[in-house]
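Chemist: Have a look at this one.
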Amino acid sequence: MPVRSLRGLEQQLESLRIRLEIPGISAAIAEGDRVIWARGFGTANRERAVAAGPDTIYGVASLTKPYGSTVVLQLVQEGRLGLDDDVSRFGIAIARSAPVTVRHLLSHTSGEPPGARYRYDGNAFGALTRIVERTTGQPFAKELAERIIRPLRLTRTGPNPGEPRPFWSLVASVKVTPVDVDRSRAEFVASNVDRESIESSLAQGYARAWGRWIWPSGLVGPMRPMSHGFTLSTTAGLVASAPDVARFSIALDQGLLLNDEIRAEAWRRPLAPDGTPLPYALGWFVQDIRGRQIVWHYGHGLESSSLIVKMPAHRATFVILANSDGLSRWRGLGDSADVMGSPAATLFMNWYFAREVRPSSR
């Protein structure tokens, strides 16, 4: 039965966390111009007995892509690059039967032939990092900070620190190399984000202990610490709190980051050659559910997972972040492009739609 109260939603989210064996999750809901609810469940760090709170910071994995696409689209808005520019202009070589464009990278349609079909490709999307840096002459971390993090005062958003902590030595199969550490330090210098405040609130990532030779995040067994593995790019490597992600979403709805025309383009599904709408617009999945446009994205790392669900017409946003891969594990969200494959998204939308029948109460 759908729940109509926030308390009921909280109970279902906690039940979901337990069922998916996720150590800790944090979630937030925004309506209009403010975050109306945020809460943590479970533990952010088992070894240190730190509870997950509303402002706990997590690796968001591919939920970085909407941030990266926003930076790219701001450059389009400024006239500094075009969506239909050939990526070879930026020193990117992709051998195809026709030129690959910025639009193709943003929409995961850079396969053969370009623009013909959708295939989720994080590596191709990551090439947008080079496009940003070639266009601006600045590191992507700096552009992200100057265009999004600092203007919105997102004090719990930044590059993945990438610095190993003492208990990470428990995981013999996971190492953070000096190159990772050096690049992480450079990203913090470039972005001017306070590293200490990010590290102090960062949830420890976890993965299953056994079967990592078959599947990197493990198949079974107890959860063991695993380091956050991505450096920052347009495709992954951001860390953030759930309320900060919700504030980013609010800023998009307010037109603070993109004008109405460019934002509409970001959420307009491209068409295949036969006229069939494709599921991924420009940095966002887009689909219609119960007669409503749903704009969403997910993240799936080895040690973290994430989800954002937006209802633009209602100016409503749901964000949920986790310190294991449990939210996205075995869901195939990138392949199906169907947010209803996410149990967390289903819980939120059932709750939200039920509120339209009867107002919520606590």
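The values are calculated or read from the model by the stated rules, or taken from the named source; none is laboratory data. Note that the structure is a prediction, hence the values are computed from the model and not measured. Cβ sites come from the backbone with ideal geometry, for glycine too, and all protein chains shown count toward neighbours.
So that you can scan it fast, the table gives a plain yes or no per residue for (1) over 21 Å from residue 227 (Cβ atoms); (2) within 20 Å of the chain's Cα centre (by Cα); (3) at pLDDT below 95; (4) of a type outside the set (Ser, Thr, Tyr):
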| position | (1), (2), (3), (4) |
| --- | --- |
| 26 | no, yes, no, no |
| 29 | yes, yes, no, yes |
| 36 | yes, no, no, yes |
| 43 | no, no, no, no |
| 48 | no, no, no, yes |
| 70 | yes, yes, no, no |
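Chemist: Select from the range 195-220 the residues that are under 21 Å from the mean Cα position of the chain (by Cα), part of a loop (DSSP other than H, G, I, E, B) and modelled with pLDDT under 95 and write down the one among them that is nearest to residue 20 (Cα to Cα).
Modeler: If we take residues in the range 195-220 being under 21 Å from the mean Cα position of the chain (by Cα), part of a loop (DSSP other than H, G, I, E, B) and modelled with pLDDT under 95, then 217 is nearest to residue 20 (Cα to Cα).
Chemist: While we're here: Among 129, 109, which is under 16 Å from residue 270 (Cα atoms) and among the polar types (S, T, N, Q)? Walk me through how you get there before you give the answer.
Modeler: Details: 129 fails: under 16 Å from residue 270 (Cα atoms).
Of the residues listed, the single one that is under 16 Å from residue 270 (Cα atoms) and among the polar types (S, T, N, Q) is 109.
Chemist: Same structure again: Could we say that residue 281 is under 18 Å from residue 147 (Cβ atoms) and not hydroxyl-bearing (Ser, Thr, Tyr) here? Don't jump to the end; show me each part of the working.
Modeler: Values: under 18 Å from residue 147 (Cβ atoms): no; not hydroxyl-bearing (Ser, Thr, Tyr): yes.
No.
Chemist: Would you call residue 228 under 27 Å from residue 57 (Cβ atoms), modelled with pLDDT under 95 and either within 16 Å of the chain's Cα centre (by Cα) or buried (at least 19 other Cβ atoms within 10 Å of the Cβ) (or both)?
Modeler: On the way: under 27 Å from residue 57 (Cβ atoms): yes; modelled with pLDDT under 95: yes; either within 16 Å of the chain's Cα centre (by Cα) or buried (at least 19 other Cβ atoms within 10 Å of the Cβ) (or both): yes.
So residue 228 passes the test.
Chemist: Among the residues of the range 24-39, which ones are small (Gly, Ala, Ser) and surrounded by 23 or more Cβ atoms within 10 Å (Cβ to Cβ)? Even if it seems obvious, please write down each step before you answer.
Modeler: Narrowing the range 24-39 to residues small (Gly, Ala, Ser): 24, 26-28, 30, 32, 38.
Residues satisfying the conditions are 24, 26, 27, 28, 30.
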